[in-house]
Amino acid sequence: MSLAFGLCLIVLFGLAGIGAPISLSMFVAAILYLFVKGHDPGLAAEQSIQGLYDSFVLLAVPLFIVAANIMNQGAISDRLLAFCKALVGRYRGGLAQVDILVSLVFSGMSGSAVADAAGVGKVSINMMLKSGHYSPGLAGAVVAASATIGPIIPPSIPMVMYALISDTSIGYLFLGGIVPGLLMTAVMMGITTGIAHRRGIPAEEPVPLRELPRVTFRAIPVLMMPVILLAGIYGGATTPTEAAAIAALYALLLAAFFYKSVTWRSLHSVLVDSARSSASVGLVIGSALIFNYIVASENIPAGLAGWIEGMNLSPLAFLLLANLIILLLGCLLDATTLILVIVPLFIPTCRELGIDLVHFGVVMVVNAMIGLITPPYGMLLFVINATTGIAIKDIVREVLPYVGALILALLLMTLFPEIVLWLPRLLGYQG
């Protein structure tokens with residue numbers, strides 16, 4: 001490690017440790033590296049702007065954010081909740097099960113864990129607390145854990161980012177996330193059922209079966225969003241970026257004309273919030289592009305690949321090691337930084353060992369999502385705390401069983417690649 005890179009890391013972790021935004025920390029650390037190396041500091045801006053403008057696929061990120069924020073408007077999320085309550089609300093821990101199912105459905109519209117937790121999740125928490133059967137910590141833990149499904153079921157903003165740094169097909173990454181997303185849903189519903197029986201949480205009043213067709217009919221326009229997205233991408237009619245634009249337009253038309261839940265004033269608020277979120281993501285991506293340039297300049301990926309090759313690891317042993325590293329770093333770094341800065345270090349070794357990059361990408365995204373609910377950094381824990389006022393310590397205590405269940409699902413995906421690759425191969429993937 002050169003002196004310049006050592007100072008770069010010290011500044012990066014020092015600034016992040018005192019609470020500076022990770023994007024700002026990476027920008028400052030990168031500029032310091034360039035200064036110590038005697039390079040033009042303007043190279044930082046050049047790498048950032050060139051990387052952002054050269055990647056058409058990144059345009060999908062703000063479009064998916066807009067679609068998610070529009071879908072979070074009252075009438076749309078209310079109909080989605082009513083539909084899911086009719087399906088699973090009749091079982092023990094029904095309201096918690098409803099939130100998990102809502103996250104599964106909403107994930108097909110947003111691609112963002114934060115959008116899920118801050119939008120529909122807030123409504124779910126209020127429902128659970130009003131019932132009187134759920135502690136605030138458990139309600140917050142269920143919402144935080146279920147929100148991790150959001151970026152696994154397509155569309156997925158983290159998978160768009162992984163495609164950017166790995167040159168992997170977004171379409172096949174999206175397909176690869178469907179079965180893992182269903183697996184995550186199943187293990188969380190299983191944990192919730194166990195908790196409900198152990199704590200005596202009763203079943204909710206069942207929705208009469210005669211009401212199910214009406215509730216379903218009211219939710220059909222919302223449920224069509226993932227169908228339109230996937231049909232456009234896998235039918236060859238649209239690129240993922242074009243599909244994101246269609247999703248945003250469909251969400252707007254649905255909210256404005258079908259459900260009439262968006263006014264000019266609320267639309268302005270949605271667009272402003274979306275612009276802020278997109279700018280935040282853009283800053284992280286831009287700073288990560290500079291940092292990746294520095295990492296490449298230091299020849300770290302090749303060095304890491306050589307070190308791992310010298311250990312004579314099997315592909316499975318390497319995957320387990322990579323999972324362990326990302327799980328540990330996920331306690332300290334946000335998911336975007338993990339995917340854009342840390343995961344690229346492993347990609348050369350994946351190619352050397354013959355590990356499928358779609359399988360690796362989905363496993364790494366799932367791993368990074370688990371980091372969103374692990375203390376001390378866990379972004380979703382802070383999102384729930386900020387939007388509901390539930391103490392973080394209460395959420396952490398209740399979320400640990402869900403973390404364990406998700407790690408079990410992650411291990412299954414790692415050991416059995418067909419969980420990820422079965423659907424892509426069924427639809428023509430040759431990897």
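The values are calculated or read from the model by the stated rules, or taken from the named source; none is laboratory data. Small disclaimer: the values here were computed from a predicted structure and weren't measured. Because the Cβ atoms are built from the backbone with ideal geometry, glycine has one as well, and the counts that use them run over all protein chains shown. All accessible areas refer to the heavy atoms of the entire protein, side chains included, with ligands and DNA or RNA removed. Shrake-Rupley method; radii C 1.70, N 1.55, O 1.52, S 1.80 Å.
How large a share of the accessible area of the chain, in percent, is made up of carbon and sulfur atoms when the probe is 1.4 Å and the other protein chains stay in place? Walk me through the intermediate numbers first.
Numbers: 12070 of 17710 Å².
The C+S portion of the solvent-accessible surface of the chain is 68 percent.
Report, in debye and to the nearest 20, how large the dipole of the chain comes out about its Cα centre when Lys and Arg carry +1 and Asp and Glu carry -1 on their Cβ. Mind showing how you got there, number by number?
Details: 19 positive and 20 negative charges, 290 e Å.
Value, rounded to 20: 1400 debye.
For region 281-422, what does the relative contact order come out to in percent, with C-alpha contacts under 8 Å and a separation of six or more?
Relative contact order for region 281-422 comes out at 26 percent.
Once you have the Cα-Cα distance between residue 217 and residue 300, take 0.36 nm times their residue separation minus that, and quote the gain in nm to one decimal. Kindly include the intermediate steps, with their values, before the conclusion.
Details: separation 83, 0.36 × 83 = 29.88 nm, distance 5.47 nm.
The span from residue 217 to residue 300 would gain 24.4 nm if fully extended.
Mean residue ellipticity at 222 nm from the helices of the chain, using -39,500 (n - 2.57) per DSSP H segment of n ≥ 4 over the full residue count, to the nearest 500 deg cm²/dmol?
Values: 21 runs with 321 residues, N = 431.
Theoretical 222 nm ellipticity from helices: -24500 deg cm²/dmol.
Estimate the FRET efficiency between residue 182 and residue 253 by the formula 1/(1 + (r/R0)^6), using the beta-carbon distance for r and 41 Å for R0, to the nearest 0.05.
0.90
Which Cα, out of 9, 359, 405, lies furthest along the positive dipole direction of the chain (beta carbon charges, K/R +1, D/E -1)?
405
On a straight-distance basis, which lysines could pair with residue 130 in a cross-link, Cα separation under 16 angstrom, same-chain partners fewer than 8 positions away excluded?
Residue 130 reaches 85, 122.
Excluding ligands, DNA and RNA, what is the solvent-accessible area per residue of region 168-236 at a probe of 1.4 Å, expressed in Å²?
Each residue of region 168-236 exposes 48 Å² on average to a 1.4 Å probe.
Considering only protein heavy atoms, with the full assembly of protein chains and a 1.4 angstrom probe, order 159, 379 by accessible area, largest first. Could the numbers behind the result be given before it?
Numbers: 159 0, 379 65 Å².
Largest accessible area first, the list is 379, 159.
At a threshold of 8 angstrom on Cα-Cα distance, excluding pairs fewer than six apart, so keeping six or more, what relative contact order does the chain reach in percent?
Relative contact order comes out at 24 percent.
Would you work out which of 332, 215, 43 lies farthest towards the positive end of the dipole of the chain? Charges go on Cβ: Lys and Arg +1, Asp and Glu -1.
The listed residue farthest towards the positive side: 215.
Would you calculate the separation in nanometres between label points at residue 309 and residue 9, each defined as 7 Å from the Cα along the Cα-to-beta-carbon direction?
If labels sit at residue 309 and residue 9, their model points lie 2.2 nm apart.
If packing is taken as the mean number of other Cβ atoms within 10 Å per residue, what is the order of 302-310, 148-156, highest first?
148-156, 302-310
What span do the alpha-carbon atoms of the chain cover on each of the three principal axes, reported in whole Å from largest to smallest?
Result for the chain: principal-axis Cα extents of 71, 47, 47 Å.
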